[in-house]
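Data block below; observations after.
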Amino acid sequence: MLYKNRTTAGQFLAKELTAYANRPDVLVLALPRGGVPVGFEVAKALNAPLDVLVVRKLGVPDQPELAMGAIATGGVRVLNQEIVRSLRLTDTEISQEEAIQRQELERRSRLYRDNRPLPALHGRTVILVDDGLATGATMRAAIMALLPHKVSRIVVAVPVAAPQTCQQLELLADEVICAFTPTHFHSVGLWYENFPQTTDEEVRDLLAKAAQRYQQSTIHA
């Protein structure tokens, strides 16, 4: 199965989440950048507010696409100890990569959220959305970032994912919805016909549109 793009993937994923529609406790948090177009469609279908939880993958030196872990807002860091051990990565190498990615995380937080704090999370049902999961490092970091806020329920929702990653995340989240789990996964982008990099401008535009739409829906409710 191929998704045409992130928009259609979000529309498909939203059908798996209808139990969460029109509930005042639900908040959709998308992982930028690629998760935002997906999350936009999910939030629209569920009549829920949309925001972002900024995370960054920690790439292996000389192999930036391979995740040795991830960081998230709030000083969260998770490491893939199996990769760290197998590649004999040093504390210095890990710290150097984290410093670089922490700068980018802070830049994106300022740009996407205009220095706004996260919305109130205590007691809420939070749906974490991304465009897909390979190793799941960034999603694990996102889950860890939510734990101090004492949310009521954490739901992970993605259009496509590696089957093993979905199983692993079930140990951390209250519910995991992977709409499509191909046996021969390889990478997220393979399951989209069009998979361009989402830009900062697109993220800001979608967040603004989502805020306006939700505000209008609450006024007319």
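The values are calculated or read from the model by the stated rules, or taken from the named source; none is laboratory data. Remember, it's a predicted structure, so these values are computed and weren't measured experimentally. Counting neighbours? That spans all protein chains shown, and the Cβs are built from the backbone with ideal geometry, glycine included.
Some notes on this structure:
Table: residues versus (1) of a type outside the set (G, A, S); (2) part of a loop (DSSP other than H, G, I, E, B); (3) touching a residue at least 60 places away in the same chain (Cβ under 8 Å).
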residue	(1), (2), (3)
R108	yes, no, yes
Y112	yes, no, yes
L118	yes, yes, yes
V126	yes, no, yes
D131	yes, yes, yes
A141	no, no, yes
M144	yes, no, yes
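- Candidates M1, M68: the one that is within 24 Å of T181 (Cα to Cα), among the aliphatic types (A, V, I, L, M) and surrounded by fewer than 18 Cβ atoms within 10 Å (Cβ to Cβ) is M1.
- Pairs where the first residue, in region 183-202, is in a loop (DSSP other than H, G, I, E, B) and modelled with pLDDT of 95 or more and the second is among the basic types (K, R) and surrounded by 11 or more Cβ atoms within 10 Å (Cβ to Cβ), C-beta under 7 Å, 6+ apart: E193/K4; N194/K4; T198/R33
- Any chance L46 is touching a Leu at 6+ places or on another chain (Cβ under 9 Å) and closer than 14 Å to L128 by Cβ: yes
- Subset of region 106-121 (residues that are closer than 17 Å to E201 by Cα, surrounded by 13 or more Cβ atoms within 10 Å (Cβ to Cβ) and at pLDDT below 90): R113
- Residue check for V156: crowded, with 22+ Cβ neighbours inside 10 Å, within 15 Å of the chain's Cα centre (by Cα) and of a type in the set (V, I, T): yes
- Matching residues, region 167-216, being within 21 Å of L105 (Cβ to Cβ), touching a helix residue (DSSP H, G or I) at 6+ places or on another chain (Cβ under 7 Å) and of a type in the set (V, I, T): T198, V203
- Answer residue from region 61-79, given it is out of contact with any helix residue (DSSP H, G or I) (no Cβ under 6 Å at 6 or more places or on another chain) and at pLDDT below 95 and is farthest from A30 (Cα to Cα) among those: D62
- Counting only strands (runs of 3 or more DSSP E) that sit completely within region 1-106, those holding 3 or more residues that are closer than 24 Å to Q215 by Cα and in contact (Cβ under 8 Å) with a residue 60 or more places away in the chain correspond to 26-30, 50-52.
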